[in-house]
Each structure stands twice: as structure tokens, then as C-alpha cells.
Amino acid sequence: EDHNGDKPTIEAIIRRSHLTTLLNAADALFVDDEYESAAQAYADAIAACAADAPHLVARARRSRAAVHARLGLHQLSADDAAAAAEMQPHDALAHKRLGLAAFALADYPRARAAFCAALEHSANDDDALVLRRWARKCDAEMAGPIRVPRSSADTSTQPPTAAASLTKAPAASAATASAAQPPRLDKVR
């Protein structure tokens with residue numbers, strides 16, 4: 001029986017078999033790093049199965065989202081992943097790909113929502129760990145850089161040069177000097 005509960009016709013069975021063949025060919029192109037050809041093959045499969053098999057369309061769009069991401073076409077990746085997630089709301093991989101595309105586009109609230117949706121539908125503990133990590137990355141990006149307020153004594157717009165700091169009296173303690181320096185963000189995980 002098909003998704004409506006009706007018995008499929010022979011023509012529908014043949015058409016779905018053909019669509020599955022198209023998707024498998026597109027998958028093979030993707031695995032072989034033939035991204036442009038894979039994107040076209042997924043587009044052909046989407047066009048061919050739009051009315052007959054929405055679950056295959058969702059699979060094709062989810063896969064094409066990964067191809068677009070590899071090509072650096074993050075908006076197209078987000079569009080495909082969002083469409084796949086809308087068609088198959090319980091598809092954790094579609095939500096994850098939407099999150100990755102949104103993160104690449106610096107749309108951190110949308111990325112976080114997608115990662116949380118993927119986490120909700122994920123059945124794998126390893127995937128859940130990765131999805132939580134991506135959600136935390138979104139939180140960190142939304143929090144923004146750590147800002148250290150400038151002291152009222154330093155009213156210049158240029159930071160002091162090394163030579164200027166050597167000519168100042170050593171009145172400040174080492175603790176005060178280290179507190180004025182912003183933390184190194186390249187060490188933060």
C-alpha cells in the first residue's frame with residue numbers, strides 16, 4: 001500500500017522503481033565527488049517524483065542539500081533542507097542539514113532551532129552528542145564576542161604602542177595589567 005493506504009497500480013510501482021533508480025544514481029555521483037552532476041541528478045529526480053512519492057522528494061532534497069553545502073551554496077542547501085524537513089518532520093538528518101546550512105549563513109537562531117529539532121528526532125546517541133555540540137556553538141555565536149570595557153583613564157582611540165607602555169611608570173601591578181587584556185578566544189573550545 002502507498003502513503004494514502006491505497007493499493008498502488010503497476011504503473012505507480014514502475015514509476016517509483018524508476019525514481020529510486022534516479023536517486024541511487026544521484027547518490028553514486030555524490031559519493032564520487034561529482035557534485036555538479038549529482039545536483040542535476042537530484043533535480044531530475046525531484047522533478048520526476050514530485051507528485052508520486054513525496055517521501056522520495058524529501059530524500060532527494062535532503063541529499064541535494066548536502067551537495068549544495070559541498071559546493072558552498074549554503075542558501076540553496078538551507079532551502080532544500082528546509083523543504084525536506086517540512087515534508088518529513090521526523091527526519092533528523094534533514095533538520096541537521098538545515099542547521100549546518102543556517103550556521104554557515106550565520107543565521108544562528110535558525111541553526112539552533114534546526115539542531116534542536118534534529119536532536120528531538122535523533123535515535124542515535126552519537127548523533128545526539130554532535131547535535132548538542134552544534135547547538136552550543138550556536139549559543140556561543142549568538143552570545144557574541146566577549147567585550148572588555150575600556151577603562152575611563154584610557155580615552156585615546158588607538159591602543160598604546162609597546163614603546164609608549166615602556167615609558168609609563170610601572171605603577172600598575174601585573175594582576176591589573178593582565179586583567180585589562182581581553183581573554184584569548186582562539187583557546188576557547
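The values are calculated or read from the model by the stated rules, or taken from the named source; none is laboratory data. Everything numeric here is computed off the predicted structure, so don't read it as measured data. With ideal geometry, Cβ positions are generated from the backbone for all residues, glycine too; neighbour counts draw on all protein chains shown. Calculation scope for accessible area: heavy atoms of the full protein, side chains included, ligands and nucleic acids excluded. Shrake-Rupley method; radii C 1.70, N 1.55, O 1.52, S 1.80 Å.
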Just to make sure I understand: if all protein chains stay in place, what is the order of Thr9, Thr20 by accessible area at 1.4 Å, largest first?
Thr9, Thr20
I want the local charge near Gln40. Using Cβ-Cβ distances under 10 Å, sum +1 for each Lys or Arg and -1 for each Asp or Glu among the other residues.
-2
Exposure rank, largest accessible area first [His95, His90; 1.4 Å]
His90, His95
Would you tell me the accessible area of Cys116, worked out with a 1.4 angstrom probe on the heavy atoms of the protein chains, in Å² to the nearest 10?
50
Can you give the accessible area of Val31 in Å² (nearest 10), computed on protein heavy atoms with a 1.4 Å probe?
110
Run the numbers for Val31 and Glu11: contour at 0.36 nm per residue of separation, minus the present Cα-Cα distance, in nm.
4.2 nm
Starting at the first residue of region 100-110, write each ³J(HN,Hα) from the Karplus equation 6.51 cos²θ - 1.76 cosθ + 1.60 with θ = phi - 60°, in whole Hz, x for Gly and Pro.
5, 5, 5, 4, 5, 8, 6, 9, 5, x, 5
Roughly how many percent of the accessible protein surface of region 44-145 is carbon and sulfur, given a 1.4 Å probe and a whole-percent answer?
52
Kindly report, to the nearest 10 Å², the accessible surface of Leu93 as traced by a 1.4 Å probe over protein heavy atoms only.
70
Could you order Phe115, Phe30 by accessible surface area, starting with the largest, using a probe radius of 1.4 Å?
Phe30, Phe115
